[in-house]
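First the structure, in the form of structure tokens, and then the observations on it.
The values are calculated or read from the model by the stated rules, or taken from the named source; none is laboratory data. What you see is a predicted model, and the numbers here were worked out from it, not measured in a lab. Neighbour counts run over all protein chains shown; Cβ positions are idealised from the backbone, glycine included. Calculation scope for accessible area: heavy atoms of the full protein, side chains included, ligands and nucleic acids excluded. Shrake-Rupley method; radii C 1.70, N 1.55, O 1.52, S 1.80 Å.
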Amino acid sequence: MGPKFNIVEDLKQSGVLPANQFSLYLTDSSESEITFGGYKQEYLLSDVVWAPVYKQSYWQVDVDDITFDNAKTGLCSGGCQVAVDTGTSLLAGPTDVIESLDSKLDVKSDCSNMHELPLLGFIVGGKVLNLRPADYVDQGEDGCSTSFMTLDVPPPKGPLFIFGDPFLRRFVTIYDMDGPKVGFAVAKHNDVTSDDV
């Protein structure tokens, strides 16, 4: 595409940014925002957890394991790779892991077990980043279903998970080009309190 295609890299090279970062604050309404040159503290409800970028072809980081209510499941034993992707509307991952997640969570299509569902966490940078059931379950007029999709990325780029919109609404994501590294902090929304951190 040419060197000028990447606007963020162009901004970095020009030296106009106060920090070589950009961040994303995503909402269900029209208040979503991308910030160039750093991040806005007022959008954060928690400290930032930083993870080094594993592979620079994506903003791709290590996940040590997946947790239910902070207990390891072993679904990512040996570690997994995840790309933080603003262009994916769901949480995506290898078929075998996504099918295991769906089976273990057993979300009832009539939404009858919403109050029993666990926090779904991903261990990144030594910390558990938890999604609430409201974050990973789509609840609509026709019932409930998980916000997961299968995606089998072949080696050498895969297997790979993708943190799409459900994750990006829960966490402000900060992309640091100097690291390179990605930061995650619980996003401040009207339906989120400090008890949810």
The lone exception for Gln60 - which of (1) closer than 21 Å to Val186 by Cβ; (2) open to solvent by less than 30 Å² (accessible area, probe 1.4 Å); (3) not charged (D, E, K, R) it fails: (1)
Filter result for the condition that a residue is at pLDDT 95 or above, out of contact with any Gly (no Cβ under 6 Å at 6 or more places or on another chain) and not aromatic (Phe, Trp, Tyr), over Asp65, Asp69, Asp10: Asp69
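Return yes when Ser77 is touching a Gly at 6+ places or on another chain (Cβ under 9 Å), more than 20 Å from Pro154 (Cβ to Cβ), surrounded by fewer than 17 Cβ atoms within 10 Å (Cβ to Cβ) and in contact (Cβ under 8 Å) with a residue 12 or more places away in the chain and no when it is not.
When the stated conditions are applied, Ser77 does not pass them.
Hey, which of the strands (runs of 3 or more DSSP E) in region 1-64, taking only ones fully inside, have at least 2 residues that are touching a residue at least 24 places away in the same chain (Cβ under 8 Å)?
21-25, 49-52, 60-63
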Scope region 138-161; condition on the phi < 0 side of the Ramachandran plot, out of contact with any Leu (no Cβ under 7 Å at 6 or more places or on another chain), touching a residue at least 24 places away in the same chain (Cβ under 8 Å) and assigned to a strand (DSSP E or B); matching residues: Gln139, Cys144, Ser145, Thr150, Phe161
Any hit, region 30-48, residues being within 19 Å of Gly125 (Cβ to Cβ) and in contact with a Gly (Cβ under 6 Å, 6 or more places away or on another chain): yes
Scan of region 162-189 for residues that are in a loop (DSSP other than H, G, I, E, B) and small (Gly, Ala, Ser), ordered by number: Gly164, Gly179
Positions within region 72-127 being polar (S, T, N, Q) and more than 16 Å from Pro166 (Cα to Cα), in sequence order: Thr73, Ser77, Gln81, Thr95, Ser100, Ser103, Ser109, Ser112, Asn113
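How many residues, within region 91-123, are part of a loop (DSSP other than H, G, I, E, B) and in contact with a helix residue (DSSP H, G or I) (Cβ under 7 Å, 6 or more places away or on another chain)?
1
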Candidates Pro156, Pro166 - the one that is at pLDDT below 95 and either open to solvent by less than 20 Å² (accessible area, probe 1.4 Å) or within 19 Å of Phe68 (Cα to Cα) (or both): Pro166
Filter result for Leu75 (part of a loop (DSSP other than H, G, I, E, B), of a type in the set (A, V, I, L, M, F, W, C) and farther than 22 Å from Gln56 by Cβ): yes
Flag for Ser30 being open to solvent by less than 90 Å² (accessible area, probe 1.4 Å) and among the hydroxyl-bearing types (Ser, Thr, Tyr): no
Residue list for region 118-142, filter: touching a strand residue (DSSP E or B) at 6+ places or on another chain (Cβ under 7 Å) and either polar (S, T, N, Q) or open to solvent by less than 40 Å² (accessible area, probe 1.4 Å) (or both): Pro118, Leu120, Gly121, Phe122, Ile123, Val124, Leu129, Asn130, Leu131, Tyr136, Val137
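Among the residues of region 63-109, write down those that are over 26 Å from Lys181 (Cβ atoms) and acidic (Asp, Glu).
If the condition is that a residue be over 26 Å from Lys181 (Cβ atoms) and acidic (Asp, Glu), then Asp69, Asp96, Glu99, Asp102, Asp106 are the ones that fit.
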